[in-house]
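This report concerns only the one structure given below.
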Amino acid sequence: MHWDHIIENGILVNSKEEIQSNIYIKNGKIAAIGKDLEGTADEITDANGCFILPGLMDVHVHSRDPGATHKEDFFHSTQAAAAGGLTTIFEMPNTTPPINNVENFNKQVENLESKAHVDFGIWGICLGKLNISDIQSLNKAGVIGFKFFWGYAVHSETFQLIYNYKSDMKEVIPPFDDGEVYEMFQEVAKTGRLLAVHAENHELIQHLTAKVEESGRKDYDALLQGRPNLAEETTIQTAISFAKSANTRLHILHVSTGEGVELIQKAKKEGYPITAETCPHYLFLSNEDYDQIGPTMKIYPPVKYKKDQERLWEGISQKVIDIVCSDHAPHTKDEKSGDLWSIPAGMCGVETLAPLMIDAVNKGKITLHELVLLLSENPAKIFGLYPEKGSLQVGTDADITIVDLNKKHVIKEELLHSKSKITGFDGFQLEGAPVATILKGKTIMKDGKIVSEPTGRLVRPDRNGSMD
Ligand code: DOR
Ligand code: ZN
């Protein structure tokens, strides 16, 4: 037998077990798993001493392409993804134009495919009555799920998010009211797809932020007074109530508070189909880090307190949190320097997601099996891509992340592959790293270097993963 690629001497890991075995790849698929099968191969990867994981994924990436490609673009964000050990990412729909109808979805597929170093899904956006009649057709076209930026005002022409909204702003569509939001829940429920919500209560935030801004304070705790835990708690509570009533599959994005974890845990215990994600910045940073990191750390929802960080880790081990993802949201250095009240929210994350979570394995925060669950198996299952993605089964896409748990390295901002290199994790010393990324049998990253042209393809839910 002649194979395209053999990965040998590694230890295969899924969410339950570890097996010492080789992987034999043919035509982009895992053709066999076993030891010492006969044959030759075009490529042989010696994974001695390493763990072989199903390709890791990031379900929450803003590559800003098209619309704000001075900050980031898909070529760079997917190189960053591959460098960070990822094989699939889901692209957020707050582009210009936004992914609000089938025409824009189709254009986006074409735009992204030429630049994609990894496979990708595309989120559809919910813009209230502006596109409620497009939801069903977007679903049929193949969006991975629907995103609702609850609490955000958007620019009336570009639909870009307004990060520091004031009600007297011109050319702005203000945040939607609850009636319109509830209708979106009902409409998305009909698709059977997830409705993913950014959960922050804009009325509370606007009121409290205006007050604290007036006082002249510009410190991080002032930001948190303007966007308190309560802002997330009340919106998650409303989201759960709406989802229960409308039968919507609810996904809570970037949970940042202990209160959020409690509410999701309760809803899950009651048996509702609700899922949740958090991000490394909520797991590894807290308000205490602001003095050291500075304005880069401003992200929405903001990084909260140590007690929230602890509850989020607990939420992971209790399986209340299903996914860890990056919320990769780059802005330029210039845009990010300045007054905490006026700069945009967001920082890079796609390249550091897996390294940080691998380090968490070495620190005993999670097991290697939990890593596979949080970054591969759960995302693939929740979004309808399993087992094509998220598994190491014969017959599925040969998407693989090879991890060396002993490799020590330091995150260096200037070495990130993103266009705007900003991270709150600069200087973090980590133990363990992805040392190779393999997409459909082809090595795309080796020892941190990108070694392939873009070959990523769109993935659509429930259609056996990757589509050509
Ligand atoms: O900090 C953030 N940045 N939070 C969001 O919800 C959006 C994102 C962005 O697109 O910049
Ligand atoms: Zn986001």
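Here are a few things to note about the model shown:
- Applied to segment 325-333, the Karplus parametrisation 6.51 cos²θ - 1.76 cosθ + 1.60 on θ = phi - 60° returns per-residue 3J(HN,Hα) values of 9, 9, 6, 3, 9, x, 9, 6, 4 Hz, with x for Gly and Pro.
- Dipole moment magnitude, nearest 20 debye, the chain about Cα centre, only Lys, Arg, Asp, Glu C-beta charged: 460
- Here the peptides 84-93, 39-48, 443-452, 60-69 are ranked by packing, the mean other Cβ count within 10 Å, and the order with the highest first is 84-93, 60-69, 443-452, 39-48.
- Size of electric dipole in segment 359-409: Cβ of Lys, Arg +1 and of Asp, Glu -1, about Cα centre, debye, nearest 20: 260
- Size descriptors for the chain (Cα atoms only): Rg and Dmax, in that order, 21.2, 74 Å.
- Other residues whose C-beta falls under 11 angstrom from the C-beta of Phe176 contribute a net charge of -3, scoring Lys and Arg +1 and Asp and Glu -1.
- What the Cα convex hull of segment 20-177 gives, in volume per residue, is 156 Å³.
- Crossing angle, helix 229-246 versus the chain [Cα axis fit, 0-90 degrees, rounded to tens]: 80
- Taking all protein chains into account, the per residue accessible area for segment 18-129 stands at 32 Å² (1.4 Å probe).
- When the C-alpha to C-alpha distance is required to be over 28 Å, the pairs from Lys147/Lys408; Lys129/Lys307; Lys16/Lys389; Lys26/Lys446 that qualify are Lys147/Lys408; Lys129/Lys307.
- Relative contact order %, segment 328-468, counting alpha carbon pairs below 8 Å whose residues are six or more apart: 24
- Counting only DSSP beta bridges whose two residues both lie in the chain, roughly 50 percent are antiparallel.
- Using a cutoff of 8 angstrom between alpha carbon atoms and counting only pairs six or more residues apart, the relative contact order for the chain works out to 21 percent.
- Using every pair of separate Cα atoms, the Kirkwood estimate puts the hydrodynamic radius of segment 36-119 at 14.7 angstrom.
- Evaluated with a Cβ-only charge set (Lys, Arg +1; Asp, Glu -1), segment 43-198 carries a dipole of roughly 180 debye about its Cα centre, given to the nearest 20.
- Per residue value of the accessible surface for segment 328-468 (all protein chains in place, 1.4 Å probe), Å²: 37
- Isotropic mean projected area of the C-alpha convex hull, segment 133-262 (nm²): 8.8
- Between segment 213-253 and segment 316-346, the alpha-carbon center distance in angstrom: 15
The values are calculated or read from the model by the stated rules, or taken from the named source; none is laboratory data. Please read all numbers here as calculations on a predicted model, not as lab measurements. Backbone-built Cβ (ideal geometry, glycine too); neighbour counts: all protein chains shown. These accessible areas exclude ligands, DNA and RNA; they are computed on the full protein's heavy atoms, side chains included. Shrake-Rupley method; radii C 1.70, N 1.55, O 1.52, S 1.80 Å.
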